[in-house]
Amino acid sequence: MNPEMPQGGMPRAEYRKAKFGSVERGRQLDARAAAEGQGEGIEFAFERMLRTPNTLAAHRLIALAQRQGAGQPVVDELFRAYFEEGKDVGDPKVLEEIAKRSGVSGWPQEADAKEVAALEEEMRGLGISAVPTFIFDRKLGVSGAHPPEALAQAMREALGAK
């Protein structure tokens with residue numbers, strides 16, 4: 001979640017330039033992610049990602065799905081829609097499609113905005129400012145993209161098994 005993102009999102013190139021200093025730096029990061037993704041069978045569609053969405057509604061959908069036991073399928077569908085298909089996951093129609101495909105009922109009327117706002121506040125209180133962010137055993141947080149070995153080490157440290 002990015003609490004500073006306008007409700008309708010913003011052009012991706014504009015966002016990436018502001019975040020990384022230049023469009024070229026954003027492209028370099030995309031190329032790195034694409035290379036890593038290929039090794040895992042993920043075909044990133046960066047060229048189709050025209051907007052950086054406000055993901056508040058997507059997080060509301062995740063929260064609703066978790067209450068129905070469908071949290072992981074919804075997260076998988078959101079990632080596929082955005083990263084592989086280049087869809088705007090801030091678009092209500094896209095979220096409706098994902099909810100239906102994942103078997104989530106009651107979207108959007110049963111989604112709880114307060115629950116997501118509380119989670120956002122908790123994350124901000126923990127100093128989280130980047131994605132991805134991994135929190136292990138509520139003790140240790142790792143922000144940003146890291147190789148699997150670094151994440152495994154963080155898990156061991158959080159569990160006290162250095």
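The values are calculated or read from the model by the stated rules, or taken from the named source; none is laboratory data. From a predicted model like this one, the values you see are computed outputs, not experimental measurements. FYI the Cβ positions are ideal-geometry reconstructions off the backbone, even for glycines, and counts take in every protein chain you see.
Within the option set Ala31, Ala18, Ala35, being within 27 Å of Glu120 (Cβ to Cβ) and either touching a Phe, Trp or Tyr at 6+ places or on another chain (Cβ under 7 Å) or among the hydrophobic types (A, V, I, L, M, F, W, C) (or both) holds for one residue only, Ala18.
Looking only at region 70-81, count how many residues are surrounded by fewer than 19 Cβ atoms within 10 Å (Cβ to Cβ) and under 19 Å from Gln109 (Cβ atoms). Here the count works out to 1. Per the conditions (1) in contact with a helix residue (DSSP H, G or I) (Cβ under 7 Å, 6 or more places away or on another chain); (2) farther than 17 Å from Ala63 by Cβ, the sole criterion not satisfied by Leu151 is (1).
Name every residue in region 136-162 that is acidic (Asp, Glu) and in a loop (DSSP other than H, G, I, E, B), in order of residue number. Once the filter is applied, which keeps residues that are acidic (Asp, Glu) and in a loop (DSSP other than H, G, I, E, B), region 136-162 yields only Asp137. Counting only helices (runs of 4 or more DSSP H) that fall entirely inside region 38-135 and contain at least 2 residues that are under 14 Å from the mean Cα position of the chain (by Cα) and not assigned by TED's automatic domain parsing to the domain that holds Ala152, the qualifying elements are 56-67, 71-79, 113-125. Among the residues making up region 1-21, those that are in a loop (DSSP other than H, G, I, E, B), on the phi < 0 side of the Ramachandran plot and in contact with a strand residue (DSSP E or B) (Cβ under 9 Å, 6 or more places away or on another chain) are Asn2, Met5, Gly8.
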